[in-house]
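A quick write-up on the structure given underneath.
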Amino acid sequence: MPILRILKFPDPRLNEESVLIEEFGEELKTLASDMIETMVAAPGVGLAAPQVGKLLRMIVIERAVPSEEDPQPPSDPMALVNPEIMSAEGSQVFNEGCLSVEDFQSEVTRYMKVEVEAQDLDGNFFTMEAEGRMAVILQHEIDHLDGVLFLNHVNPLKRSMYTKSLLKRRKKGRD
Ligand code: NI
């Protein structure tokens with residue numbers, strides 16, 4: 001199973017809207033397992049198909065949560081196909097990063113609790129409730145399916161400072 005290349009901001013493909021998945025076959029399962037492998041290797045806690053150049057509505061998430069007692073719990077990944085937030089409540093501020101946005105983290109305000117409807121890799125519908133950190137991961141990854149990066153939720157001044165410094169560093173790298 002290959003590790004997939006993760007597109008990096010400001011790749012324009014990261015701003016595109018992904019399409020609903022209607023075919024549940026081997027190809028989808030292979031993409032899901034490659035995405036999981038890529039996420040775990042990164043390492044990251046979530047990855048959306050458009051981040052690996054596939055404009056399809058699928059995300060993978062890591063459900064294992066490191067704690068003081070268990071700093072490296074065994075990976076517990078999951079794929080969600082066509083995920084959609086059905087209801088949300090409360091708010092929280094969380095320090096986010098993204099595998100497609102290098103060297104940048106920022107606090108983002110998100111819902112505290114979400115209820116997500118999705119399909120599994122065989123097309124069966126299920127709902128999932130999440131709060132706190134897992135609710136943030138779901139909101140962040142589902143945003144990717146609509147071409148939205150966490151940078152879009154960051155204050156515009158901070159975002160433009162990041163973009164400028166990134167372009168400057170890239171230019172230097174090429175010289
Ligand atoms: Ni991301």
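The values are calculated or read from the model by the stated rules, or taken from the named source; none is laboratory data. Keep in mind the model is a prediction, meaning the values are calculated, not measured. All accessible areas refer to the heavy atoms of the entire protein, side chains included, with ligands and DNA or RNA removed. Shrake-Rupley method; radii C 1.70, N 1.55, O 1.52, S 1.80 Å.
Structural remarks
- Considering only E37, E16, E69, the Gaussian network model of the chain with Cα springs below 10 Å gives its largest mean-square fluctuation to E69.
- GNM top mover of V101, V65, V81 - the chain, alpha-carbon springs below 10 Å: V65
- Bridgeable lysines around K8 (alpha carbons under 26 Å apart, same-chain partners fewer than 8 residues away excluded): K29, K54, K158, K164, K168, K171, K172.
- Protein accessible area in the chain, 1.4 Å probe - carbon and sulfur %: 51 percent
- When I3, I137 are compared by accessible area at a 1.4 angstrom probe, the order from most to least is I3, I137.
- Antiparallel bridges, percent of DSSP beta bridges restricted to the stretch 12-174 (to nearest 5): 95 percent
- Heavy-atom accessible area with a 1.4 Å probe sorts F125, F94, F150, largest first, into F125, F94, F150.
- One Cα centroid belongs to the stretch 146-170, the other to the stretch 18-56; the line between them spans 24 Å.
- Pairwise Cα separations in the stretch 1-73 fall into 10 Å bins from 0 onward with the following percentages, short to long: 19, 46, 27, 9, 0.
- Once the 1.4 Å probe is applied to the protein heavy atoms, the stretch 12-174 comes out at 55 Å² accessible per residue.
- Accessible area (Å², 1.4 Å probe, nearest 10) - M78: 40 Å²
- D_trans [Stokes-Einstein, Kirkwood Rh over alpha-carbon pairs] for the stretch 70-132, 25 °C, 0.890 mPa s, µm² s⁻¹: 176 µm²/s
- Using a probe of 1.4 Å on the protein chains alone, the accessible area found for M86 is around 100 Å².
- Largest accessible area first, the residues H144, H153 order themselves as H153, H144 under a 1.4 Å probe with ligands, DNA and RNA left out.
- Equivalent ellipsoid of the chain: semi-axes from √(5λ) of the C-alpha gyration tensor, largest first, are 25, 20, 17 Å.
- Other-chain or far-sequence residues with amide H under 5 Å of I6's (modelled H): none
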